[in-house]
Amino acid sequence: MNRCLLIDADAVSRASLSRYLGCFAFTVRTGASVHDLQRLSHAEPFDIVLLDLSLPASHDGMDGLALCRWVHEVAGLPLIVMSDPAQAPGRVQALECGADDHLCKPCEPREVVALIRAVLRRLTKGVTPT
C-alpha cells in the first residue's frame, strides 16, 4: 500500500481526492498548509506528495514554489504539483524546483491515480523523469 501526503487548501477537493485515492489502496494523510506538509512529512513516512501549488504563503514567507524546493531538497520525496491552468509560469518553475510532474486543477481523479503510479514506477526503476 502506497502512502500519499495530499496538501490542498481547498477542503472539498482535499476530502474528495483523499476518498478516491483510498479506493485504489492508497493510505492518504491530508493537510491544508505549508506547516501541515512539513509537520506530517517529519512525523511519518510517505511515498509521494501531492501539493496544491497555490497554497497561501506561510508566516515565514514560504509559498508553493519554495515548498517544492523544500520537498525535493529536504524531505527527499517524489512530488506532483497541482495548479490552476492560468499558473503556467508557476508550473514550469515548480518542475524546475524539483517537482516530478504536474496536474491541472480541477484534477481528474483517475488521472491522479495513474500519474502517482507512473511517478512511483519511474522512481523504482531508477529512471530520472524528464
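Helix-only mean residue ellipticity at 222 nm, the chain, DSSP H runs n ≥ 4 weighted -39,500 (n - 2.57), per residue, nearest 500. What is it? Mind dumping the intermediate values first?
On the way: 5 runs with 55 residues, N = 130.
Mean residue ellipticity, 222 nm, calculated: -13000 deg cm²/dmol.
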statement: Scalar couplings 3J(HN,Hα) for the stretch 78-85 by Karplus 6.51 cos²θ - 1.76 cosθ + 1.60 (θ = phi - 60°), nearest whole Hz, x for Gly and Pro, are x, 9, 10, 9, 10, 8, 5, x
query: For the chain, which semi-axes, largest first and in whole Å, follow from the square roots of 5 times the eigenvalues of its Cα gyration tensor?
result: 19, 17, 16
query: Based on DSSP H assignment, which helices of the chain show an axial Cα extent of at least 20 Å together with a mean Kyte-Doolittle hydropathy greater than or equal to 0.0?
result: 109-125
query: In the chain, which Cys residues have no partner Cys with a Cβ closer than 4.7 Å?
result: C4, C23, C104, C107
field: Whole-angstrom gap from the stretch 51-130 to the stretch 1-23, using each part's C-alpha centre
entry: 15
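Can you pull a Stokes-Einstein diffusion coefficient for the stretch 27-82 at 20 °C (1.002 mPa s), Rh from Kirkwood over Cα pairs, as a whole number of µm²/s?
Once the numbers are plugged in, D ends up at 191 µm²/s.
Each value in this text was obtained by applying a stated rule to the coordinates, not by laboratory testing. Because the structure is a prediction, the values reported are computed rather than measured. FYI the Cβ positions are ideal-geometry reconstructions off the backbone, even for glycines, and counts take in every protein chain you see.
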